[in-house]
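Report on the structure given below.
The values are calculated or read from the model by the stated rules, or taken from the named source; none is laboratory data. Quantities reported herein were computed from a predicted structural model and do not represent experimental measurements. FYI the Cβ positions are ideal-geometry reconstructions off the backbone, even for glycines, and counts take in every protein chain you see.
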Amino acid sequence: MHYTGTIWRPPYEASSLLLEVTAGCTHHKCKFCTLYSDLPFSFRMSHLEDVEEDLKEAKEQYRLWKNHTVSRIFLTGANPFVLKADRLLKIAEMAHQYFPKCRTIGCFSRITDITIKTDEELKKLRQAGFDGLTIGIETGDDEALKFMNKGYLSKDIVEQCKRLDAAGIGYSFFYLTSISGAGRGEMGARITAEICNQLHPRLIGANMLMIYPESELYREIQAGNWREEGELEKYRELRVLIENLHIPVWFAAMGASNAIQLQGKLPEDKEKLLGIIEDIINTVSEEELRRYRRNLPHL
């Protein structure tokens, strides 16, 4: 299989066939991100034969596992949805050719990747099987989005995800706890909940901001331009986010950046989740949580 660099996927794509069609990130300007620092963006406009070769290899491997079929394919790379619609449709056609029982195709997407597609193209992509995009919106706090160089604002999140809703393409959000900075987290969480409440994400996955010395954000901190939340402050932020979500959605804080993991369905499990967070705030020390973060070498 043709894989380039570290392959990142959401936890819920563990059983999906991972197919590389891009490598790296087209944006590559978020101040906090170091995931693709050593990997310039590339996509295989002239190398679809590599993709087809991977599909052939995967088909042979799955053939050896009796009674195992591929029902979902996840395209790897930071944001494969940036590819033009006709290229994505060609990839979907090849995927269905080799795996006829594949029902859906997912991938990471930036908000700006949706913008460059027409409504008609989005509908065609849904008909071809694209569903369940994972979008790192990070926050609905415009001040934080601007400072971190995300390349879009909260109004863009609403506008573009409503277009996905209209096309029937499902999506999940990643929320980045602490992105608004010290003293602003609860406000940022409240604004983000207001954004999410206008949309239909299937899942909101909360990760806690990890700051590494090679990041631009680290240099901003050293210059005194930004301060990180305390560990217990981050859980108070999560509490506000959950309190203010009023849509049916699966909520999960399951990534390695979360010292204590939790998940549940809203609104049914809201009180349970809030109870867990309250216990953390009342019984776990700041130092214990900070020690976990210091000892986490990378995501």
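From ASN207, ASN197, which residue is closer than 25 Å to GLY170 by Cβ and either in contact with a His (Cβ under 9 Å, 6 or more places away or on another chain) or outside the structural domain of SER180 (by TED's automatic domain parsing) (or both)?
Values: ASN207 fails: either in contact with a His (Cβ under 9 Å, 6 or more places away or on another chain) or outside the structural domain of SER180 (by TED's automatic domain parsing) (or both).
Criteria check complete, one pass: ASN197.
If I ask for residues that are assigned to a loop (DSSP other than H, G, I, E, B) and in contact with a Ser or Thr (Cβ under 9 Å, 6 or more places away or on another chain), which ones from the range 186-210 would you list?
First, the residues of the range 186-210 that are assigned to a loop (DSSP other than H, G, I, E, B): 197-202, 209-210.
Across the range 186-210, the qualifying residues are PRO201, ARG202, LEU209, MET210.
Has the range 101-108 got at least one residue that is over 14 Å from LEU19 (Cα atoms) and not in a helix (DSSP H, G or I)? Before you say what the answer is, go through the steps one by one.
Taking the range 101-108 and keeping what is over 14 Å from LEU19 (Cα atoms), we get 101, 103.
Add one more test, that the residue is not in a helix (DSSP H, G or I), and what stays is 101, 103.
Yes, the range 101-108 contains a residue that is over 14 Å from LEU19 (Cα atoms) and not in a helix (DSSP H, G or I).
Taking the options GLY224, GLY183, GLY140, name whichever one is part of a loop (DSSP other than H, G, I, E, B) and free of Cβ contacts under 8 Å to residues at least 12 places away in the same chain. Don't jump to the end; show me each part of the working.
On the way: GLY183 fails: free of Cβ contacts under 8 Å to residues at least 12 places away in the same chain; GLY140 fails: free of Cβ contacts under 8 Å to residues at least 12 places away in the same chain.
On inspection, the qualifying residue turns out to be GLY224.
Please list, ordered by first then second residue, the pairs with beta carbon atoms under 9 Å, 6 or more apart or interchain, first in the range 227-247 and over 21 Å from ASN197 (Cα atoms) and in the same structural domain as PRO201 (by TED's automatic domain parsing), second hydroxyl-bearing (Ser, Thr, Tyr) and assigned to a helix (DSSP H, G or I).
Qualifying pairs under 9 Å: GLU231/TYR292.
Out of the residues in the range 160-180 meeting the condition of being β-branched (Val, Ile, Thr) and outside any strand (DSSP E or B), tell me which one is farthest from GLY140 (Cα to Cα). Can you show your working first?
To start, the set of residues in the range 160-180 that are β-branched (Val, Ile, Thr) comprises 169, 177, 179.
From what's left, outside any strand (DSSP E or B): 169, 179.
Working: ILE169: 21, ILE179: 10 Å.
Among them, the one singled out is ILE169.
Anything in the range 44-82 that is in contact with a strand residue (DSSP E or B) (Cβ under 6 Å, 6 or more places away or on another chain) and either closer than 18 Å to THR118 by Cα or not assigned by TED's automatic domain parsing to the domain that holds PRO10 (or both)? List them, or say none.
Within the range 44-82, ASN79, PRO80, PHE81 qualify.
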